[in-house]
Amino acid sequence: MDSSPYERILGILCSVFEAYTAVLFLPLAHGDCKAAYTPEALFSLGDHVDRSVKIEPGQGLVGWIIRNREPLLVPNFDQRRNFLGYYKGNEDKNIKAFMGCALPNGNGVICVDSKRQYSFSEKDQKLLHLFAGLLADVYDSRYQEETQSASLRYYAALRLIYVLRREHSKWSEFLHSFLDIVSKASGYEYCALCTLHPDGGSYNIEGENYPLLIKGGPVAAENYSLSSGMVGWVFRNGTPLSSGGPDGAPEAPLLGKGGNAPAFQSLMAIPLVIQRKVRGVLCLASETPLDIGMEVQEFGRMAAEHLALFLENLFVKCRLRDLHQSINSGSDLTSGN
């Protein structure tokens, strides 16, 4: 299997420094200085690095670099006073030297260690900065490519959403296609529209991109309270809400206690304002942790605004139709007298 550009650079770095392990840590949330960091790539002469570790700012030597954005050189590693945090078991006890520095773009940390004392010098630290600059260039290039690819995907999805009303005359078919497009473009496997109940005190699930929470069809859809859950909060406050992602589970369940929803790890809920009132909430959910970046949040907001505009136009048409029928009915009654 081909290695990534990161791993090839780390392999060269280990060879140059005669190091035991080199690790590139990247933040779970792009551009967030308070986010936890996890190994994005590594090269090691052993197999003891914990690839799933999450290091918080200030946690161990790596966390110190994350928090302070300063280089660190420990020529004589003492595990009684120092802590690496990226090895399994007691592998730390075999490490005798360490150095690391932040990437110039502020979105990563590179760390190198050795099983030999005084393996690294201040001259090596300066050379490590050159490798950090190279890794930052690779990161920026890949991030821009990913962002551009995502933007094109979201734009294509919005174009599909725009022409949906010409392709579907039935509301149920329109809604299902809309939710399916949003789900596929965003990467969230579950997408649903929750709508306010006429009584104004509860809501139900109007539609889903695939059957999950609506039991017995839309007619038998369960009513949920506005007082609990992520969706209820958005109905009450009229503000988009996202929770979960790679660095933690959601703070609140999607539908509140007893909602029978799966253990979603990433959630987004976006209000639909119609006639100056929140009458619906677009929900995106994933059972696997996903990055809740600004791009996907913006796409969700634009999709929700389009759906709200469509429903508002539909609402106005229905009011005009009812008014027209009422006027015609009144004319008939007058003529009958």
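The values are calculated or read from the model by the stated rules, or taken from the named source; none is laboratory data. These figures come from a predicted structure and were not determined experimentally. Cβ atoms come from the backbone with ideal geometry, glycine included; neighbour counts cover every protein chain shown. Accessible surface is based on the protein model in full, side chains and every heavy atom, while ligands, DNA and RNA are left aside. Shrake-Rupley method; radii C 1.70, N 1.55, O 1.52, S 1.80 Å.
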Subset of segment 53-73 [aliphatic (A, V, I, L, M) and part of a loop (DSSP other than H, G, I, E, B)]: Val53
Test: residue in segment 116-135 that is of a type in the set (Ser, Thr, Tyr), under 16 Å from Leu42 (Cβ atoms) and either in contact with a helix residue (DSSP H, G or I) (Cβ under 8 Å, 6 or more places away or on another chain) or at pLDDT below 90 (or both): no
Subset of segment 303-316 [at pLDDT below 90 and open to solvent by 80 Å² or more (accessible area, probe 1.4 Å)]: Leu309
Candidate set from segment 160-181 (those that are assigned to a loop (DSSP other than H, G, I, E, B) and not β-branched (Val, Ile, Thr)); member that is modelled with the lowest pLDDT: Ser169
Subset of segment 262-302 (residues that are open to solvent by less than 40 Å² (accessible area, probe 1.4 Å), under 24 Å from Gln148 (Cα atoms) and either of a type outside the set (A, V, I, L, M) or touching a strand residue (DSSP E or B) at 6+ places or on another chain (Cβ under 7 Å) (or both)): Ser266, Leu267, Met268, Ile270, Leu284, Ala285, Ser286, Ile292, Gly293, Phe299, Gly300
Where a residue in segment 78-100 is open to solvent by 30 Å² or more (accessible area, probe 1.4 Å) and its partner, wherever it lies, is polar (S, T, N, Q), with Cβ under 6 Å and at least six apart: Lys93/Gln79; Lys96/Gln117
So Asn237, is it on the phi < 0 side of the Ramachandran plot, surrounded by fewer than 14 Cβ atoms within 10 Å (Cβ to Cβ) and modelled with pLDDT under 90: no
Filter result for Gln59 (in contact (Cβ under 8 Å) with a residue 12 or more places away in the chain, open to solvent by 80 Å² or more (accessible area, probe 1.4 Å), farther than 19 Å from Tyr6 by Cβ and of a type outside the set (Asp, Glu)): no
Residue within segment 150-173 that is closer than 30 Å to Val23 by Cβ and either surrounded by fewer than 18 Cβ atoms within 10 Å (Cβ to Cβ) or touching a residue at least 12 places away in the same chain (Cβ under 8 Å) (or both) present: yes
Unique match (being open to solvent by less than 40 Å² (accessible area, probe 1.4 Å), closer than 28 Å to Pro262 by Cβ and either at pLDDT 85 or above or not aromatic (Phe, Trp, Tyr) (or both)) among Gly201, Gly187, Gly217: Gly217
Search result, residues across segment 105-123 that are surrounded by 15 or more Cβ atoms within 10 Å (Cβ to Cβ) and under 37 Å from the mean Cα position of the chain (by Cα): Asn105, Asn107, Gly108, Val109, Ile110, Cys111, Val112, Asp113, Ser114
The lone exception for Leu135 - which of (1) open to solvent by less than 10 Å² (accessible area, probe 1.4 Å); (2) in a loop (DSSP other than H, G, I, E, B) it fails: (2)
Filter pass, Val53 being crowded, with 17+ Cβ neighbours inside 10 Å and within 14 Å of Tyr87 (Cα to Cα): yes
Residue, modelled with the highest pLDDT, within segment 96-115, restricted to residues that are outside any strand (DSSP E or B) and farther than 14 Å from Pro75 by Cα: Leu103
Test result for Cys14, assigned to a strand (DSSP E or B) and open to solvent by less than 60 Å² (accessible area, probe 1.4 Å): no
Residue count for segment 220-234, restricted to those that are surrounded by 14 or more Cβ atoms within 10 Å (Cβ to Cβ), at pLDDT below 85 and either within 14 Å of the chain's Cα centre (by Cα) or not polar (S, T, N, Q) (or both): 2
